[in-house]
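Asks: Mind looking over this structure? Questions follow.
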Amino acid sequence: MEGVIFDLDGTLLDSMGLWRRAGVIYLERYGIEVDESLADIILPLTIRGAAKYIKEHFPVPESVENITAGVNGVMEEFYKNYIKPKEGAAELLAELYRRGIPMALATATDRYLIDSAFNRLGWNKYFRGICTCTEVGVGKRDGADVYDAALKTFGGTRGGSWVFEDSPHAAATAKQAGFNVLGVKDEGGKADQQKLKASCTVYVESLAPVERVLKLIGLE
């Protein structure tokens, strides 16, 4: 075990249900009504990619930069004050940290939102590095760049490290790149669980109990 790379939303944080609504809420401000199926299109993208899609497909009188800020703004209060860890997440992070297992974050969420949540939860100490798709410039659907960036923060190898993901397309990207992948069920993201199972090395419905997860990744 060289280290663990965690996705954030839907894997460690119970936030995907809110992200499914973020684009809808943003467009409602301009009197544009859409249903939550919009999330199926924009969630796999980077934040900027989602903003570009909104700009191209809806009559929003804002720049891509302003749309990005607007969608993030919808989520900012939730990260700062309300979003909770998923079952077992806090306990798993604490146990891996206690054992000296290097950890990094690879996420499509922008850094200032991560900082808002981590400052509240006290999670900064757990991670050697935090890597975002926006900063790397490539979404998880398009390549393993964000995982490789996270990998560099603790000097591991793909085959010796684990990626924890809730998204089928992201899990598939990591697995195809040669990472060991643990898939985590998330109801809020409405992901296809059969596709997720097919895209990962092992699959769990919850990060609790921690002992079972540790066993699955070879630490028990």
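Asks: Being among the polar types (S, T, N, Q) and under 20 Å from P44 (Cα atoms) is the filter; apply it to the range 188-201 and report the residue that is surrounded by the most Cβ atoms within 10 Å (Cβ to Cβ).
Replies: This residue is S199.
Asks: Closer than 18 Å to D40 by Cβ and among the small types (G, A, S): is that true of A171 in this structure?
Replies: So A171 passes the test.
Asks: Conditions: (1) farther than 23 Å from F78 by Cα; (2) within 15 Å of the chain's Cα centre (by Cα). R158 meets all but one. Number of the miss?
Replies: Here R158 clears every test but (2).
Asks: With the condition kept exactly as written, say whether any residue in the range 55-75 is among the basic types (K, R) and touching a residue at least 24 places away in the same chain (Cβ under 8 Å). Let's see the steps before the verdict.
Replies: The first filter runs over the range 55-75 and keeps only residues among the basic types (K, R), leaving 55.
Those still in the list that are touching a residue at least 24 places away in the same chain (Cβ under 8 Å) too: none.
No, because not a single residue in the range 55-75 is among the basic types (K, R) and touching a residue at least 24 places away in the same chain (Cβ under 8 Å).
Asks: I'd like to know if the range 13-31 contains one or more residues that are modelled with pLDDT of 90 or more, under 30 Å from N180 (Cα atoms), of a type in the set (S, T, N, Q) and crowded, with 17+ Cβ neighbours inside 10 Å.
Replies: No.
Asks: Quick one: T157 ticks every box in (1) of a type in the set (S, T, N, Q); (2) surrounded by 19 or more Cβ atoms within 10 Å (Cβ to Cβ); (3) assigned to a loop (DSSP other than H, G, I, E, B) except a single one, so which number is it?
Replies: (2)
Asks: Among the residues of the range 122-137, is any touching a residue at least 60 places away in the same chain (Cβ under 8 Å), crowded, with 19+ Cβ neighbours inside 10 Å and of a type in the set (K, R)?
Replies: Checking the range 122-137: not a single residue is touching a residue at least 60 places away in the same chain (Cβ under 8 Å), crowded, with 19+ Cβ neighbours inside 10 Å and of a type in the set (K, R).
Asks: From the residues in the range 32-66 that are among the hydroxyl-bearing types (S, T, Y) and closer than 26 Å to L8 by Cβ, which one is least open to solvent (accessible area, probe 1.4 Å)?
Replies: In this case the residue turns out to be T46.
Asks: In the list N119, N81, which residue meets the criterion of being exposed (fewer than 14 other Cβ atoms within 10 Å of the Cβ), within 25 Å of K152 (Cβ to Cβ) and not aliphatic (A, V, I, L, M)?
Replies: From the options N119, N81, the qualifying one is N119.
Asks: A90 passes all but one of (1) open to solvent by 30 Å² or more (accessible area, probe 1.4 Å); (2) over 19 Å from the mean Cα position of the chain (by Cα); which number fails?
Replies: For A90, the failing item is (2).
Asks: If you take just the helices (runs of 4 or more DSSP H) that sit entirely in the range 1-107, which of them hold at least 2 residues that are in contact with a Cys (Cβ under 9 Å, 6 or more places away or on another chain) and closer than 18 Å to D166 by Cα?
Replies: In the range 1-107, no matching helices (runs of 4 or more DSSP H) lie anywhere.
Asks: Which numbered condition in (1) buried (at least 20 other Cβ atoms within 10 Å of the Cβ); (2) under 17 Å from S199 (Cβ atoms); (3) in contact with a helix residue (DSSP H, G or I) (Cβ under 7 Å, 6 or more places away or on another chain) is the only one that K185 fails?
Replies: (1)
Asks: Does any residue of the range 202-211 turn out to be open to solvent by 20 Å² or more (accessible area, probe 1.4 Å), of a type in the set (A, V, I, L, M, F, W, C), assigned to a loop (DSSP other than H, G, I, E, B) and out of contact with any His (no Cβ under 6 Å at 6 or more places or on another chain)?
Replies: yes
The values are calculated or read from the model by the stated rules, or taken from the named source; none is laboratory data. Worth saying up front: this structure is predicted, and the values here are computed from it rather than measured. Don't worry about glycine lacking a Cβ; one is built from the backbone with ideal geometry, like all the others, and counts go over all protein chains shown. Surface areas here come from the heavy atoms of the whole protein model, side chains and all, with no ligands, DNA or RNA. Shrake-Rupley method; radii C 1.70, N 1.55, O 1.52, S 1.80 Å.
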